[in-house]
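Structure record follows, encoded as C-alpha coordinates.
The values are calculated or read from the model by the stated rules, or taken from the named source; none is laboratory data. This one's a predicted model, so the numbers in the text were calculated from it and none came from an experiment. Neighbour counts run over all protein chains shown; Cβ positions are idealised from the backbone, glycine included. For accessibility, only protein heavy atoms count, side chains too; no ligands or nucleic acids. Shrake-Rupley method; radii C 1.70, N 1.55, O 1.52, S 1.80 Å.
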Amino acid sequence: MIETAHRLGVKVASHCVNPETISMLVAAGVDTLEHGTRMSEDNLSLLAQTNTVWNPTFAAYFSHQYPGSRPWDSLRGIFKKAVEMGVLIGTGGDTGVFPHGRNCLEMQLMHRLGMSWHGVIRAVTWKASLN
(Lines give C-alpha, C1' and ligand atoms only; values in the text may rest on other atoms or scores of the structure.)
Protein backbone atom coordinates (compact mmCIF):
# COMPACT_ATOMS: atom_id res chain seq x y z
CA MET A 1 0.00 0.00 0.00
CA ILE A 2 2.81 2.44 0.90
CA GLU A 3 4.64 1.72 -2.34
CA THR A 4 1.48 2.25 -4.40
CA ALA A 5 0.64 5.47 -2.57
CA HIS A 6 4.14 6.83 -3.15
CA ARG A 7 4.03 5.84 -6.82
CA LEU A 8 0.85 7.95 -7.08
CA GLY A 9 2.46 10.86 -5.19
CA VAL A 10 0.44 10.32 -2.00
CA LYS A 11 1.99 10.55 1.45
CA VAL A 12 1.22 7.86 4.02
CA ALA A 13 0.62 8.53 7.72
CA SER A 14 0.43 5.75 10.27
CA HIS A 15 -1.11 5.75 13.73
CA CYS A 16 0.49 3.11 15.92
CA VAL A 17 2.10 2.37 19.25
CA ASN A 18 3.41 -1.21 18.94
CA PRO A 19 7.23 -1.38 18.52
CA GLU A 20 7.12 -4.23 15.99
CA THR A 21 4.53 -2.44 13.88
CA ILE A 22 6.54 0.78 14.02
CA SER A 23 9.63 -1.05 12.74
CA MET A 24 7.69 -2.63 9.87
CA LEU A 25 6.08 0.66 8.86
CA VAL A 26 9.32 2.64 8.95
CA ALA A 27 11.12 -0.07 6.96
CA ALA A 28 8.27 0.02 4.42
CA GLY A 29 8.77 3.77 3.98
CA VAL A 30 5.83 5.35 5.79
CA ASP A 31 6.04 9.16 5.70
CA THR A 32 4.79 9.99 9.19
CA LEU A 33 4.31 8.07 12.38
CA GLU A 34 1.70 9.33 14.84
CA HIS A 35 1.65 8.46 18.57
CA GLY A 36 4.43 5.92 19.20
CA THR A 37 3.80 5.72 22.93
CA ARG A 38 5.61 2.38 23.21
CA MET A 39 8.52 3.09 20.86
CA SER A 40 11.75 1.35 21.71
CA GLU A 41 15.26 2.72 21.43
CA ASP A 42 15.66 0.47 18.37
CA ASN A 43 12.64 2.21 16.81
CA LEU A 44 14.21 5.59 17.51
CA SER A 45 17.51 4.47 15.95
CA LEU A 46 15.65 3.32 12.86
CA LEU A 47 13.72 6.60 12.65
CA ALA A 48 16.93 8.60 13.02
CA GLN A 49 18.23 6.92 9.85
CA THR A 50 15.16 7.75 7.73
CA ASN A 51 13.04 10.69 6.60
CA THR A 52 10.02 9.40 8.51
CA VAL A 53 8.66 12.21 10.68
CA TRP A 54 7.38 11.31 14.15
CA ASN A 55 4.38 13.26 15.42
CA PRO A 56 4.11 12.41 19.12
CA THR A 57 0.58 13.86 19.50
CA PHE A 58 1.20 15.14 23.03
CA ALA A 59 -1.85 17.40 22.89
CA ALA A 60 -4.19 14.43 22.45
CA TYR A 61 -2.87 12.66 25.54
CA PHE A 62 -2.62 15.84 27.59
CA SER A 63 -6.17 16.94 26.67
CA HIS A 64 -7.65 13.64 27.77
CA GLN A 65 -6.29 14.03 31.27
CA TYR A 66 -3.53 11.51 30.66
CA PRO A 67 -0.65 13.30 32.39
CA GLY A 68 0.64 10.85 34.98
CA SER A 69 -0.59 7.89 32.95
CA ARG A 70 1.62 5.27 31.33
CA PRO A 71 1.22 6.61 27.74
CA TRP A 72 2.04 10.16 28.86
CA ASP A 73 5.06 9.16 30.94
CA SER A 74 6.28 6.87 28.16
CA LEU A 75 5.98 9.63 25.53
CA ARG A 76 7.96 12.05 27.69
CA GLY A 77 10.92 9.70 27.95
CA ILE A 78 10.77 8.67 24.30
CA PHE A 79 10.59 12.31 23.20
CA LYS A 80 13.73 13.30 25.10
CA LYS A 81 15.67 10.40 23.55
CA ALA A 82 14.29 11.20 20.08
CA VAL A 83 15.45 14.82 20.34
CA GLU A 84 18.91 13.69 21.46
CA MET A 85 19.14 11.16 18.61
CA GLY A 86 18.12 13.61 15.89
CA VAL A 87 14.81 11.95 14.97
CA LEU A 88 12.72 14.13 12.64
CA ILE A 89 9.88 15.37 14.81
CA GLY A 90 6.81 17.14 13.53
CA THR A 91 3.65 18.38 15.13
CA GLY A 92 0.24 16.88 14.84
CA GLY A 93 -1.84 16.75 17.94
CA ASP A 94 -4.66 14.58 16.58
CA THR A 95 -6.57 17.82 16.13
CA GLY A 96 -10.21 17.30 16.94
CA VAL A 97 -9.71 15.59 20.29
CA PHE A 98 -9.14 18.95 21.98
CA PRO A 99 -10.84 22.34 21.55
CA HIS A 100 -10.55 24.05 18.19
CA GLY A 101 -7.99 26.83 18.25
CA ARG A 102 -5.70 25.09 20.76
CA ASN A 103 -3.40 23.57 18.14
CA CYS A 104 -0.49 25.46 19.73
CA LEU A 105 -0.79 23.14 22.74
CA GLU A 106 1.36 20.56 20.93
CA MET A 107 4.15 23.12 20.54
CA GLN A 108 3.88 24.28 24.15
CA LEU A 109 4.12 20.71 25.39
CA MET A 110 7.14 19.96 23.19
CA HIS A 111 8.90 22.96 24.71
CA ARG A 112 7.81 22.06 28.23
CA LEU A 113 9.29 18.58 27.70
CA GLY A 114 12.70 19.93 26.76
CA MET A 115 12.77 20.95 23.11
CA SER A 116 14.14 24.43 22.52
CA TRP A 117 11.78 26.99 20.98
CA HIS A 118 14.05 26.98 17.93
CA GLY A 119 13.58 23.20 17.70
CA VAL A 120 9.81 23.55 18.10
CA ILE A 121 9.60 26.11 15.29
CA ARG A 122 11.64 23.79 13.07
CA ALA A 123 9.33 20.88 13.96
CA VAL A 124 6.28 22.92 13.01
CA THR A 125 7.73 24.28 9.77
CA TRP A 126 10.93 23.06 8.14
CA LYS A 127 11.14 19.47 9.39
CA ALA A 128 7.46 18.87 8.90
CA SER A 129 7.73 20.17 5.34
CA LEU A 130 10.10 17.33 4.47
CA ASN A 131 7.07 15.10 4.21
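Quick notes
- Mean Kyte hydropathy of -1.0 or more with a Cα span along the axis of at least 18 Å, helices from DSSP in the chain: 70-85
- When D42, D73, D94, D31 are compared by accessible area of protein heavy atoms, the largest-first order is D42, D73, D94, D31, using a 1.4 Å probe.
- Trypsin sites (Lys or Arg not before Pro) within segment 1-42: DSSP coil, no more than 16 neighbouring Cβ in 10 Å: K11
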